[in-house]
Amino acid sequence: MPRRLTFAELAEGACRPLSGAGQRLDAAALAAALALLPGWEGNGEAIAKSFPFPGYEATLAFVNAVARIAQEQDHHPDIAFGYGLCRVAWSTHSVGGVSRNDLICAAKIEALPRP
């Protein structure tokens, strides 16, 4: 039985280039990983979470922090935001679904300080 990942391993991890369906997480691995990421939901094609904020400025600061993570990891999410709310969705197009890279980036977001 493979060893389970920890939140710290994900948050401290680094994305790497991935391709092919063999890199896509199966349902059991995705469910186990999502248990480490409170509020994140996954459907096999992507993982996503909505984040509430007290106002536009706080929301925009969060969006910019997510953008920094995306640039550092060379792995870019879909981001939708407005006054007081931001939704982030990660998927790995080159594997046709969710990969470890998506989990790494989600954990890095969870580690961000928030108001």
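Which of (1) among the acidic types (Asp, Glu); (2) in a loop (DSSP other than H, G, I, E, B); (3) surrounded by 20 or more Cβ atoms within 10 Å (Cβ to Cβ) is the odd one out, the single condition residue 45 does not satisfy?
Result: residue 45 fails condition (3) only.
Have a look at 38, 54 and point out the one that is in a loop (DSSP other than H, G, I, E, B) and touching a Gly at 6+ places or on another chain (Cβ under 8 Å).
Working: 38 fails: touching a Gly at 6+ places or on another chain (Cβ under 8 Å).
One residue alone meets the criteria, 54.
Would you please name the residue that is most open to solvent (accessible area, probe 1.4 Å), looking only at residues in the range 83-115 that are more than 20 Å from residue 32 (Cβ to Cβ) and assigned to a helix (DSSP H, G or I)?
93
Please go through the range 6-28 and pick out each residue that is within 15 Å of the chain's Cα centre (by Cα) and either part of a loop (DSSP other than H, G, I, E, B) or aliphatic (A, V, I, L, M) (or both).
Listed by number, the residues that qualify are 6, 8, 10, 11, 12, 13, 14, 15, 16, 24, 25.
So in the range 53-82, with the set limited to residues that are open to solvent by 30 Å² or more (accessible area, probe 1.4 Å) and touching a strand residue (DSSP E or B) at 6+ places or on another chain (Cβ under 6 Å), which one is nearest to residue 22 (Cα to Cα)?
Checked the range 53-82; the qualifying residue nearest to residue 22 (Cα to Cα) is 78.
The values are calculated or read from the model by the stated rules, or taken from the named source; none is laboratory data. This one's a predicted model, so the numbers in the text were calculated from it and none came from an experiment. In this analysis, Cβ positions are derived from the backbone assuming ideal geometry, glycine residues included, and neighbour counts consider all displayed protein chains. The area values use the complete protein model at the heavy-atom level, side chains included, leaving out ligands, DNA and RNA. Shrake-Rupley method; radii C 1.70, N 1.55, O 1.52, S 1.80 Å.
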